[in-house]
Each structure stands twice: as C-alpha cells, then as structure tokens.
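Please read the structure below before turning to the comments.
The values are calculated or read from the model by the stated rules, or taken from the named source; none is laboratory data. Since the model is a prediction, treat every value here as computed from it, not as a measurement. Backbone-built Cβ (ideal geometry, glycine too); neighbour counts: all protein chains shown.
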Amino acid sequence: MIEAKVKDKIAVVTGANRGIGAEICRQLAKEGILVVLTSRDEAKGKAVCQALEKEELPVRYCQLDVDHPASIFNLENFMKKEFGRCDILVNNAGVFLDKPETKGDLPSVFNAKIETVRRTMETNVFGPLLLCQAMIPLMKKNNYGRVVNLSSGMGQLSDMNGGYPGYRISKVSLNALTRILTDELKGTNILVNSMCPGWVKTEMGGPGATRSVQEGADTAVWLATLPDQGPKGKFFRNRKEIPW
C-alpha cells in the first residue's frame with residue numbers, strides 16, 4: 001500500500017488519453033492522489049477524464065502538446081494558478097515514428113530520415129526536458145517530488161541492437177536526462193527515475209504485445225509514489241533495477 005502521506009499529492013501525467021498513460025492516472029487516483037490528466041487530443045483526453053470521474057476518482061484535465069513550449073508554459077501556469085504546486089510528474093507521452101524502407105525490414109540507421117529522428121526527439125526528449133524545467137521548481141517549494149520517465153529497453157546501451165534508430169536514440173537520451181537531473185537535484189527530496197513498461201498491448205505496442213496496460217503502468221505508479229530516501233537516478237523494469 002502507498003503510504004498515507006502520499007495521499008493528497010498532485011500528479012501530472014502526460015499522454016494520458018489512452019493506454020499506459022490512462023492506466024497510470026487511474027492507479028494514482030485510486031490511491032487518493034489528485035491527477036492532472038493531460039493529452040494532445042483534447043476531446044479524447046476529456047473523455048478519459050470523465051470516465052474516471054464516473055468512478056469517483058480525483059482527476060482534472062489540462063490540454064498539453066509536449067512538442068510545443070507554449071503548451072508546456074500553459075500547463076505550468078495552470079498548475080501554479082489552480083494548485084500552487086506539483087508533486088509528481090510522469091513523462092509518459094511518446095512517439096515511435098521509425099518506419100522501414102521495405103516491408104518486413106527493420107528501419108535502419110543507414111536509411112534514417114533526420115526529420116524522423118528530429119520529430120522523435122522533440123516528443124520523447126525535449127518535451128520531458130521542458131516539463132521538468134517547468135514542474136521541478138514547483139516541487140522544490142515543498143522539497144518533495146517524484147519524476148518518472150517512461151523509457152524502453154530499446155534505450156539500454158548495455159543491450160543495444162540495430163534498427164529503429166530514432167526511437168532508440170531518443171530513449172537513450174531520456175535516460176541521460178534522468179541521470180543529469182538526479183545529479184543536479186542532490187540534497188533534495190526529488191527522486192527522478194526511468195522505467196521500461198515492457199511490450200504492452202497499446203496502440204503503440206500492437207495486439208501481439210505480451211503485457212496488459214495494468215502491468216505496464218505498475219512500475220511507473222510505484223516510482224511515482226516512492227517513500228523518502230527511495231531510489232533515484234535508476235532504471236527499472238517490473239520494480240527491479242536494470243542496467244543502463
């Protein structure tokens with residue numbers, strides 16, 4: 001069970017109009033945490049928010065496109081005006097844009113289009129970076145924060161393979177952001193970690209995936225509700241640390 005002191009915290013979850021993001025919102029809200037559900041598609045995000053409200057769960061909605069700094073600035077102002085704080089940030093929004101040149105082939109680094117890599121980095125790395133710049137100062141006010149970066153085993157340098165270069169490079173970079181933030185937050189009660197949800201049955205993962213959204217969300221929720229003195233600057237799968 002999550003400690004009582006975690007209740008009444010306020011969490012921001014990005015890319016939460018479906019899949020793992022929506023499930024993270026549900027699980028956090030069930031623990032009494034007020035969740036600000038965000039999404040690029042406002043209609044879809046509000047529909048998920050309304051469904052959770054029908055379950056009598058504490059959720060609010062704010063439109064957010066992590067590709068646009070102005071949208072992140074609007075979220076920052078929303079959090080300051082409505083709550084004056086942010087306790088948990090789950091950087092879940094992400095894209096997988098690598099496509100093969102020929103059907104059946106792996107997308108190769110030799111054929112990678114720089115625009116594809118650039119667009120992937122915008123969403124998967126620059127968005128989380130800007131969100132951390134916006135939300136962590138609010139965490140510092142109360143010396144409490146939990147940041148969860150949804151990465152992937154495809155971003156593990158220790159097990160790096162070829163194929164899907166844009167996605168792989170973006171997740172390696174997101175893991176680097178986790179380590180940089182951790183070092184610069186020494187001496188604070190703000191814990192930043194990366195996690196791999198595994199191959200999950202979502203729009204991105206496809207129907208052949210082996211894990212449910214509930215299983216994919218579990219480690220993110222665990223990291224979002226870590227007790228003081230919990231792990232930081234680490235990479236996890238199934239609540240267990242894995243190599244970078």
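In the set LYS234, LYS171, which member is within 28 Å of ARG119 (Cα to Cα), basic (Lys, Arg) and surrounded by fewer than 22 Cβ atoms within 10 Å (Cβ to Cβ)?
Being within 28 Å of ARG119 (Cα to Cα), basic (Lys, Arg) and surrounded by fewer than 22 Cβ atoms within 10 Å (Cβ to Cβ) holds for just one of LYS234, LYS171, which is LYS234.
Working carefully through the options LEU131, LEU177, find the one that is over 27 Å from ARG211 (Cα atoms), touching a strand residue (DSSP E or B) at 6+ places or on another chain (Cβ under 9 Å) and part of a helix (DSSP H, G or I).
LEU131
I need every pair where a residue in region 141-163 that is at positive phi and assigned to a loop (DSSP other than H, G, I, E, B) has its Cβ under 9 Å from the Cβ of a residue that is among the aliphatic types (A, V, I, L, M) and modelled with pLDDT of 95 or more, sequence separation at least 6 or different chains.
ASN143/ILE190; GLY163/VAL109; GLY163/MET154
Which ranges mark the strands (runs of 3 or more DSSP E) fully within region 1-88 that have 3 or more residues being touching a residue at least 40 places away in the same chain (Cβ under 8 Å) and of a type in the set (A, V, I, L, M, F, W, C)?
10-13
Are there any pairs, at least 6 apart or on different chains, whose C-beta atoms fall under 9 Å, with the first in region 211-231 and closer than 15 Å to ILE33 by Cα and the second part of a helix (DSSP H, G or I) and among the basic types (Lys, Arg), and if so, which?
Cβ pairs passing all conditions: PRO227/LYS5.
Take region 116-125 and flag every residue that is closer than 12 Å to PRO69 by Cα and either without any contact (Cβ under 8 Å) to a residue 24 or more places away in the chain or surrounded by 21 or more Cβ atoms within 10 Å (Cβ to Cβ) (or both). Step through it out loud before you land on a result.
Initial filter on region 116-125 (closer than 12 Å to PRO69 by Cα): 122-123.
Passing the criteria: only THR123.
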